[in-house]
Amino acid sequence: MAEHPAYPVGLRLAGRRVVVLGGGQVAQRRLPALVAAGADVLLVSPSATPSVEAMADAGEITWERRRYADGDLADTWYALVATSDHAANEAASAEAERSRVWCVRSDDADAATAWTPATGRSEGVTVAVLTAEAKDRDPRRTAAIRDALVEGLRDGSLVAPQHRTRHPGVALVGGGPGDPDLITVRGRRLLAEADVVIADRLGPRDLLDELPPHVEVIDAAKIPYGRFMAQEAINNALIEHAAQGKAVVRLKGGDPYVYGRGMEEVQALADAGIACTVVPGISSSISVPGAAGIPVTHRGVAHEFTVVSGHVAPDDERSLVDWQALARLRGTLVILMGVDKIGRIAEALIAHGKSADTPLALVQEGTTAAQRRVDATLGTVAEAVRTHGVKPPAVIVIGPVAAMNPTTPDRT
């Protein structure tokens with residue numbers, strides 16, 4: 001047997017009996033995939049890890065708290081032998097051979113009749129990697145190959161064309177705070193499959209260079225008709241290209257639903273009868289402070305954080321923000337799009353009772369190579385912005401956490 005390569009096959013185990021002997025770390029790693037496959041799993045083991053025990057308590061598997069006994073593999077389709085008792089493993093393997101049950105041995109792969117491949121999944125595709133022959137078995141190498149293939153499929157660097165009919169539509173993809181590595185796996189995959197990308201100025205621009213030459217990239221910041229008509233023009237562009245049967249990605253900075261006007265675009269597409277998928281993104285309101293060493297919450301310091309748009313000043317009749325209520329909060333206040341209004345915002349908060357000494361930090365171009373942090377207080381922030389020339393995009397953090405750093409004593 002050792003001279004012949006293994007024959008790869010996919011087992012359809014839904015509703016079929018699978019026996020696992022041993023409730024240790026091997027079982028803990030293998031059981032979730034068996035449960036996901038719909039197998040009727042029987043675990044035979046005197047003890048189990050807490051995670052395995054939780055699966056039994058949840059009814060995902062049946063657990064008989066005892067040692068292996070001859071006959072346990074009767075009417076079984078597949079067996080995983082993973083106890084710490086070598087004699088029991090030998091006996092169970094022998095029963096599997098007699099009963100013609102495919103059997104995996106965690107303690108002796110050469111004695112097994114089946115091997116567990118290194119597996120990974122990406123959007124409906126399962127990648128399984130096996131060593132060709134027993135003498136060449138190298139679990140680390142097979143796992144590394146598996147990881148490389150799955151990562152390539154997920155991030156779009158390994159593009160496998162789909163030959164089945166694609167359904168055109170629009171995906172609203174949150175690109176994250178700016179660093180191209182912080183887009184979600186699904187967002188990056190959809191980018192790789194797009195025919196048209198309509199991109200915001202604050203989206204992860206570096207990803208656009210990775211797109212194939214045939215992909216049409218439209219700069220949303222340069223869509224005509226002026227500022228007032230810009231959103232309507234973007235909606236029309238999404239509808240127009242999707243109606244032509246193209247796969248369209250609307251690439252936004254941060255998250256589509258956090259000051260991204262994503263719902264307006266979804267509603268316009270729905271009115272036009274065009275399917276739309278929303279892919280959440282990492283919001284700059286949390287990620288940019290984190291990248292600058294600021295936690296928006298911390299035990300004993302801040303039990304809440306509030307995110308506010310600062311594009312409208314507190315004394316503007318269009319403002320929907322209750323600045324008086326915000327001034328009373330003891331937690332963290334995060335302001336987006338507020339650099340040019342921060343002086344008036346600070347004055348309003350102080351007027352409503354917030355201390356002028358409240359720590360404040362401005363993080364410009366967060367998560368990118370141009371990131372910089374400027375520290376101030378509510379009372380000094382207007383001058384700090386002028387002195388340091390802080391420009392949008394910048395995230396403003398107000399509260400005790402803005403004065404924290406990794407060496408700050410823990411307050412409990």
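Of all the criteria given as (1) surrounded by fewer than 21 Cβ atoms within 10 Å (Cβ to Cβ); (2) more than 22 Å from residue 204 (Cβ to Cβ); (3) of a type in the set (A, V, I, L, M); (4) out of contact with any Lys or Arg (no Cβ under 9 Å at 6 or more places or on another chain), the one not satisfied by residue 326 is (4).
With respect to being surrounded by fewer than 19 Cβ atoms within 10 Å (Cβ to Cβ), farther than 26 Å from residue 94 by Cβ and more than 30 Å from the chain's Cα centre (by Cα), residue 38 falls outside the description.
Set side by side, the residues 76, 116, 126 differ, and just one is assigned to a loop (DSSP other than H, G, I, E, B), closer than 30 Å to residue 148 by Cα and among the β-branched types (Val, Ile, Thr), which is 116.
Scanning the stretch 228-265 for residues that are among the charged types (D, E, K, R) and buried (at least 20 other Cβ atoms within 10 Å of the Cβ) yields 250, 252, 255, 265.
Among the residues of this structure, residue 268 counts as one that is out of contact with any Ser or Thr (no Cβ under 7 Å at 6 or more places or on another chain) and buried (at least 16 other Cβ atoms within 10 Å of the Cβ). Residues that are under 21 Å from the mean Cα position of the chain (by Cα) and in a loop (DSSP other than H, G, I, E, B) were ranked within the stretch 224-257; the one that is modelled with the lowest pLDDT is 253. Summed over the stretch 369-387, residues that are crowded, with 18+ Cβ neighbours inside 10 Å and assigned to a loop (DSSP other than H, G, I, E, B) total 1. Inside the stretch 1-32, residues that are touching a strand residue (DSSP E or B) at 6+ places or on another chain (Cβ under 7 Å), touching a residue at least 40 places away in the same chain (Cβ under 8 Å) and part of a helix (DSSP H, G or I) make up a count of 2. Scanning the stretch 67-104 for residues that are under 40 Å from the mean Cα position of the chain (by Cα) and either among the polar types (S, T, N, Q) or exposed (fewer than 13 other Cβ atoms within 10 Å of the Cβ) (or both) yields 76, 83, 84, 89. The residues of the stretch 33-69 that are under 20 Å from residue 103 (Cβ atoms) and either part of a helix (DSSP H, G or I) or in contact (Cβ under 8 Å) with a residue 60 or more places away in the chain (or both), listed by number, are 33, 34, 35, 52.
Going through the stretch 179-188 one residue at a time, which ones are part of a helix (DSSP H, G or I) and surrounded by fewer than 21 Cβ atoms within 10 Å (Cβ to Cβ)? Before the answer, list the steps.
So in the stretch 179-188, the residues part of a helix (DSSP H, G or I) come out as 180-182, 185-188.
Matches in the stretch 179-188: 180, 181, 182, 185, 186.
Got a sec? Which of 394, 361 is under 22 Å from residue 288 (Cα atoms), of a type in the set (A, V, I, L, M, F, W, C), touching an Asp or Glu at 6+ places or on another chain (Cβ under 7 Å) and not assigned by TED's automatic domain parsing to the domain that holds residue 253? Let's see the steps before the verdict.
Working: 394 fails: touching an Asp or Glu at 6+ places or on another chain (Cβ under 7 Å).
Of the residues listed, the single one that is under 22 Å from residue 288 (Cα atoms), of a type in the set (A, V, I, L, M, F, W, C), touching an Asp or Glu at 6+ places or on another chain (Cβ under 7 Å) and not assigned by TED's automatic domain parsing to the domain that holds residue 253 is 361.
Just to be sure, is residue 341 charged (D, E, K, R), more than 20 Å from residue 293 (Cβ to Cβ) and either in the same structural domain as residue 178 (by TED's automatic domain parsing) or part of a loop (DSSP other than H, G, I, E, B) (or both)? When the stated conditions are applied, residue 341 does not pass them.
The values are calculated or read from the model by the stated rules, or taken from the named source; none is laboratory data. What you see is a predicted model; the values in this text were computed from it and never measured. All Cβ positions, even for glycine, are placed from backbone atoms using ideal geometry, and neighbour counts span all protein chains on display.
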